[in-house]
Amino acid sequence: MTDIIEFQTATKAFGGLAAFKNVNFSLRKGEIHALLGENGAGKSTLTKVMAGVYKLTEGKLLLDGREVSFSSPKDALDKGIVMVFQETNLVPAMTVAQNIYLGEEKMFNRLRGLYIQARQFLVGMGFQVDPTAQVSTLGAAHKQMVEIARAVHHKARVIVFDEPTATLTPEEKRHFFNLIKRLVESGVSIVFITHALEEALEAADRITVMRDGEVVASGEAKDFTRSSIVQAMVGRSLTETLHGSASRTPRPYGEKVLSVENLSCAGLVRNSSFSVFAGQVTGMFGLVGAGRTEMAKVISGVMKRNLFHGGEIRLNGRSVRYRVPRPAMLDGIVYVTEDRKFDGFFETMTVGENLQISELSNGSNPLSVVSLSRARVLAKEWGERLKLKAISDRARMIELSGGNQQKVVIAKALIQQPKLIIFDEPTRGVDVGAIVEIHQLIGELADQGMAVVVISSYLPEIMAVSDRILVAKRGRIVEEFMVSDATEERVMFAAVH
Amino acid sequence: MNFLRKLLGRDEWAITLPVLDGPLLPNQALEEAETFAELAGADNLVATEKGLVASSANRLFRYDAAGQGEVIAEFDHPISAVTGAKGMLAIGIDGDGVVIQGGQHGGRTFTEANGRRFNCVTALTFLDANTLLMANGSDTVPASQWRRDLMQKGASGSLWKLDLKTGTATCIADGLAWPAGIATTGSNRIYVSESWRHRVLAIDLSSGAREPVLEHLPAYPARISPAYDAGYWLSFYSVRNQLVEFILREDAYRARMLAEVPEPFWMAPSLASGLSFREPMQGSQLKQMGVLKPYAVTRSYGLVANCDARMRPLASFHSRADGTAHGTVAACEVGDDLLVASRGGGRILRLPGVANGHREFQR
C-alpha cells in the first residue's frame, strides 16, 4: 500500500509552545489508522493540520508523495481530505439532503429533486436515513451518517474522525465500524482519534500513540495489546518533574460533606454515585465526555434543573436540588468553571470589580452597594493571598495571563467561603509556575478542612493533587483509588475499559 | 408537600442509595481473613479474661487462643445478645429477657418492665458494675425475626437502663427502628445503632435527647464494640439495595409477600445467600444495551467498619456479594487481632494486627 498522507519531522507550535514536534506519521491508501493518546497529547492538532485548519511550523506534509501546504480547510477538502468532528458540523435547522448538498445550491433549487438525488445517494451507501428529516431531529449516529455521506459526496479520499464513537450506542458503533470498513474497501483512508482502546485494537489496521506532542509508538494493530497502549499513553518523564511524585500519604477522611446517589442527568450522567469528604482533595479523572463536568454542574446548580433526571444529592445529609447556582453558593457549594473566559469573569472589568461581583452574590451586602474602594480592598487582599501578578491594581482581566486569570476565578469562588469547592480543569491554559501555585492552594484548602473536588483530564495533575481519585467513564463513577494505591496505569486502565 | 415529594420520588421517597465508597470502599479483607473457629450461626463475640465467648443458637461457647471451644451454657431459647464485664456475663435470651451469670449480680433476670416484655433483646452493654444498658429491638417480634420487623417497617424498639442492684428497669428512649448495638463513650452520651433508619444515634442517658452522629449508611448497622484509639467497630447485617428499598415503599406487595412467601425466600436482606435455587433473583436476567446478562441483587454481605471516637468511619472490611463471610453481626478485639462473627458464613474470622492499625488487603 502506498502512503497517501505523510508527515515528516513535523512540528506545530502555538506561540512557542509545541502542540506536537518532530512527528513522523503516515496514512496508507485504504487503511484505518487509529490515533491514541491522552487529552493534550497533540492528536487533534495533528489531524487539524491534515485537514487544513492549521499550517505546520516546521517539517513537511506530503500528499501522494508531493509536499503540500493547505491554505484552508476548503483547500484540503478540494484535495479530498475531510474532517468529521465530535460535535457535527451540520446545520440543525436544515434537512439531511440540504446538508449533504450545502454549498452547491443553485439560483433556483427544486427540493423534490434534491431529495430524490439524496435518497439515491444514501441508499447507495447503505444508510437508512430519511433525506427529508430535519437534522436536529436525528440521533448522534444518524448525524454521523450524514456527515460521512457529505464527506463521500465531496469525493473524500481521506476522512478524519475525531472521537466518532463517543456519543454512539453499542449498536450504533457496530454499524459505524461496518460503514468505515465499506468505505475502506472502496479505497478511502480513515484516521480516527479514539479513547476506546478496544475499538482501536479491533477496527484499526495500524495504531499510533502520541504523548506530550510526540509519537511514542506506532505500528500494526496486531502488535499492540491493551496494556502496551496504556503504558505508551502514560509513561512520561516530563510531567513527573512538573508535578512531583504521587506516592504520598493521603489526608484522612473527614465528615461526609456531599453524597451523590444514583444521579442521572440528560443522558450524560447515568446512575452515578459517589461521596466527597471534608479535609480531602477528591480528584475526578476521566476522559473528555465522561460526564464529570455535567455531574459538577448539576450538583452546583449551574446546569438547568430540568436536566436532572433522577437521583439525590445530599449536602451534609440534607437532600438538595438547586435550580440556579446562588442557593448552592449560599449552602456552601461553589464550582470553578473549566471555561474561565466564557463563564469565569468579565474580561473588561478589573480584578477588584470581578471580586466584588462575587461578594455581592454571597448575601453579605444585602443592598448590593457597589463600592470602588471595597473593590480595591478585595483586589489587594486576594492579590496578596493568591500571589496575583497583575500589571496594576486597575488591570483589566483581559490584560492578565491565563494563570492569573485563573487565580482571580478561584478567588471569586473562595470569597463565598465554601464548604465544598469543585475545580473543573483548574490548570487548563495556565503557565507552569501558576500550575504549581494553584496545586499548592488546592492542598491548603483541604488542609483547612474544606471538601475539595478537582476534575481534570490530565492524569499527572490528578495524581499530584488528589488524596482520593474517582474515575469516571461514560457518565458513571467506575473506580475509586486512594492516591497511595493508585498508579497512572491503573487509573488510565479504569478510565478506558 | 409530602404528597408532592412522594409523587416526584424525592427526599425520603427517592429510591436511591448511598454508595460504598471512601472509608467504606469494598475490599476482600473479610473474605481473605483466616478462620479462627468454625461455628454455625456464630454471633455475639465478647472478649473475657478466660477467653473469647461466642454464641450459636441457644448455646454459649468459650474459646481459647488456639480456637478450641467448649460449651459453657445452654438455654431453652436462642441467645440474642451477650456482654461481659467484672466477671459477669449478661445474656439476652430471644423472647425471654436478660439473665446475668457470674459476678456479684449472678442469677438476676429481667423479663419485663412497665408492662412491656423484653422479648427482643438485641444488644447489651455494661455502663458500670451495677448498670446494664439493653436494647429491645421490637415490642412485636423476637430478635430472630429481624427481617419481619424490617419488612413491616417496625419502629417499636426501645433502650433501657437496668439497675442490677435493685432490679429496676428505666426506659431511656422509645420508638427506635430496631436498635441493634450500644456503645458507651465514657460520658453520659451513648451510641446506639438504629438499623432500619440506617444510622447511629448519640443518646443522652439523663435527658434521652437523641442526635444522629452517622446517617445515610449504605447498610443496616448492627452491633457496636469498642476499638483501639477510643474508636469503635461497627458491624452490619447486610447492605441496602434499591430493590428492597423499592419493596419497602410498596405496601400491598410487601403484605402479600409476608403472608404468602416463606421467610427464607423473601426479597429482603439476609445473613447468607445462595443456599437455595428458590431464593429471589438468583437466576434473574437483565437486558442492558441489548445484551442479556445474569443479574442478582445483593441480599447478603459482610461488612465491619472501624470508626473513630466521633463515629466517623475510618476504614472497613468486606466480604462482597460473591463471598461467603456474610452476616458479620459482631466483632471484638482480642489483643492486636480483630475477631468477627460471620453468622451467614458459620465461622469466626480472625484479622491479625487489625486492632493495631494494620491495613493491608486486596481490593
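The values are calculated or read from the model by the stated rules, or taken from the named source; none is laboratory data. Keep in mind the model is a prediction, meaning the values are calculated, not measured. Please note: Cβ atoms are built from the backbone with ideal geometry, for glycine as well, and neighbour counts cover all protein chains shown. Ligands, DNA and RNA are stripped out before the accessible areas are found, and what is left, the full protein with its side chains, is counted by its heavy atoms. Shrake-Rupley method; radii C 1.70, N 1.55, O 1.52, S 1.80 Å.
Summing charges over neighbours of B:ALA54, with a neighbour being any other residue whose Cβ is under 15 Å away from its Cβ, gives 0 when K and R count +1 and D and E count -1. Just so you know, the Cα atoms of the protein assembly as shown work out to an Rg and Dmax of 32.2, 108 Å. Dipole orientation for chain A: of the candidates A:PRO426, A:ALA494, A:VAL230, A:PRO426 has the Cα lying most toward the positive pole (charges on Cβ; Lys, Arg +1; Asp, Glu -1). Placing +1 on the Cβ of every Lys and Arg and -1 on the Cβ of every Asp and Glu, with no other charges, gives segment B:73-214 a dipole of roughly 260 debye about its Cα centre.
Once you list every other residue whose beta carbon is under 11 Å from the beta carbon of A:GLU338, what net charge do they have if Lys and Arg are +1 and Asp and Glu are -1? Surrounding charge for A:GLU338 is +1. These residues, A:MET284, A:MET482, A:MET349, go from largest to smallest accessible area, 1.4 Å probe, as A:MET349, A:MET482, A:MET284. For the peptides A:458-465, B:48-55, residues were scored by their other Cβ atoms within 10 Å and the scores averaged per peptide; the highest-first order is A:458-465, B:48-55.
Both radii are taken from the alpha-carbon atoms of segment A:31-145; with Rh as the Kirkwood radius, Rg/Rh is 1.04.
For chain A, the dipole from Cβ point charges (+1 on Lys and Arg, -1 on Asp and Glu) about the Cα centre works out to 1100 debye, to the nearest 20. Volume per residue of the convex hull around the Cα atoms, evaluated for segment B:178-236, comes out as 71 Å³.
Compute the label zone of B:LYS161 within segment B:173-194: residues whose backbone N is under 16 Å from the point 7 Å along Cα-to-Cβ. In segment B:173-194, the label zone of B:LYS161 (backbone N under 16 Å from the point 7 Å along Cα→Cβ) covers B:173-174, B:183-192. The angle separating the long axis of helix B:251-260 from the principal Cα axis of greatest extent in chain B is about 70 degrees. The mean of 1/r over all pairs of different alpha-carbon atoms in chain A, once inverted, gives a Kirkwood hydrodynamic radius of 24.6 Å. Surface exposure of segment B:19-106, expressed per residue as accessible area with a 1.4 Å probe, stands at 42 Å².
Shape summary: segment A:84-151 maps onto an equivalent ellipsoid whose semi-axes, from the alpha-carbon gyration tensor, are 18, 14, 11 Å in decreasing order. For segment A:39-108, the Cβ-based charge dipole about the Cα centre amounts to some 140 debye (Lys, Arg positive; Asp, Glu negative; other atoms uncharged).
Within the straight-line cut-off of under 18 Å between alpha carbons, the lysines reachable from A:LYS412 are A:LYS297, A:LYS341, A:LYS380, A:LYS387, A:LYS389, sequence neighbours fewer than 8 places apart in one chain being disregarded.
Got a number for the accessible area of A:LYS304? Probe 1.4 Å, square angstrom, nearest 10. The accessible area comes out at roughly 140 Å². Placing pseudo-labels 7 Å out from each Cα toward the beta carbon at A:ASP485 and A:ARG110 gives an inter-label distance of 7.0 nm. Figure note: B:PHE61, B:PHE246, A:PHE342 ranked by solvent-accessible area, largest first, 1.4 Å probe, ligands and nucleic acids not counted: A:PHE342, B:PHE246, B:PHE61. What is the calculated FRET efficiency for A:LEU201 to A:ASN271, with r their C-beta to C-beta distance and R₀ = 35 Å, to the nearest 0.05? Rounded to the nearest 0.05, the efficiency is 0.80. Using a probe of 1.4 Å on the protein chains alone, the accessible area found for A:ASP205 is around 70 Å². Note on B:ASN58/B:GLU38: beta-carbon distance plugged into 1/(1 + (r/R0)^6) with R0 of 25 Å gives a FRET efficiency of 0.85. Evaluate segment B:64-103: find the radius of gyration of its Cα atoms, find its Kirkwood radius, and give the ratio Rg to Rh. Here Rg/Rh amounts to 1.01. What the Cβ-Cβ distance of A:MET94 and A:LYS155 gives, at R0 = 35 Å and to the nearest 0.05, is a FRET efficiency of 0.95. Computing Rg and the Kirkwood Rh from the Cα coordinates of segment B:95-187 gives a ratio, Rg/Rh, of 0.97. An oblate overall shape is assigned to segment B:40-129, the ratio a/c of its alpha-carbon gyration tensor axes (a ≥ b ≥ c) being 1.5 or greater and a/b not exceeding b/c.
Only helical runs count toward this figure. For chain B, summing -39,500 (n - 2.57) over DSSP H runs of n ≥ 4 and dividing by all residues gives -2000 deg cm²/dmol at 222 nm. Modelled spin labels at A:GLN120 and A:ARG182, positioned 7 Å past Cα toward Cβ, are 1.8 nm from each other.
Per residue, the accessible area of chain A comes to 43 Å² when a 1.4 Å probe rolls over the protein heavy atoms.
Shielding value for A:252-263 is 5, the average number of Cβ atoms from other chains within 10 Å of each residue's Cβ. Legend: mean number of C-beta atoms from other chains within 10 angstrom of residue C-beta atoms, peptide B:17-28, equals 6. Per-residue packing, averaged as other Cβ atoms within 10 Å, sorts the ranges A:290-299, B:78-87, B:159-168 into the order A:290-299, B:78-87, B:159-168, beginning with the highest. The convex hull drawn around the Cα atoms of segment A:301-409, when projected onto a plane and averaged over every direction, covers 8.1 nm².
Between B:ALA85 and B:MET1, the contour length at 0.36 nm per residue exceeds the Cα-Cα span by 25.2 nm.
When A and B come together, around 1900 square angstrom of accessible surface is lost from both chains combined, probe 1.4 Å. Measuring with a 1.4 angstrom probe and ignoring ligands and nucleic acids, B:TRP146 comes out at about 10 Å² accessible.
Using a 1.4 Å probe on the protein chains only, how many percent of the accessible area of segment B:79-204 belongs to carbon and sulfur? With neighbouring chains kept in place, the figure for segment B:79-204 is 42 percent.
As a rough guide to protection, the peptides B:103-112, B:269-278, A:146-155, A:101-110 ranked by mean Cβ packing within 10 Å, highest first, stand as A:146-155, B:269-278, B:103-112, A:101-110. Shielding of peptide A:317-324 by partners, expressed as the average count of other chain Cβ atoms within 10 Å per residue Cβ, is 2.
Here is the P(r) of segment A:391-497: all C-alpha pair distances, binned every 10 Å from 0, give 13, 42, 31, 11, 3 in whole percents. The relative contact order of segment A:23-168, computed from alpha carbon pairs under 8 Å that lie at least 6 residues apart in sequence, is 28 percent. With contacts taken as Cα pairs under 8 Å and at least 6 residues apart, segment B:66-143 reaches a relative contact order of 24 percent. Look at the alpha carbon pairs under 8 Å that are at least 6 residues apart: their mean separation over the length of segment B:1-138 gives a relative contact order of 12 percent.
Note on surface exposure: A:TYR54, A:TYR115, B:TYR232 rank A:TYR54, A:TYR115, B:TYR232 by accessible area, highest first, 1.4 Å probe.
Using a simple spin-label model with pseudo-atoms 7 Å out from Cα toward Cβ, A:LYS380 and A:ARG474 lie 5.6 nm apart.
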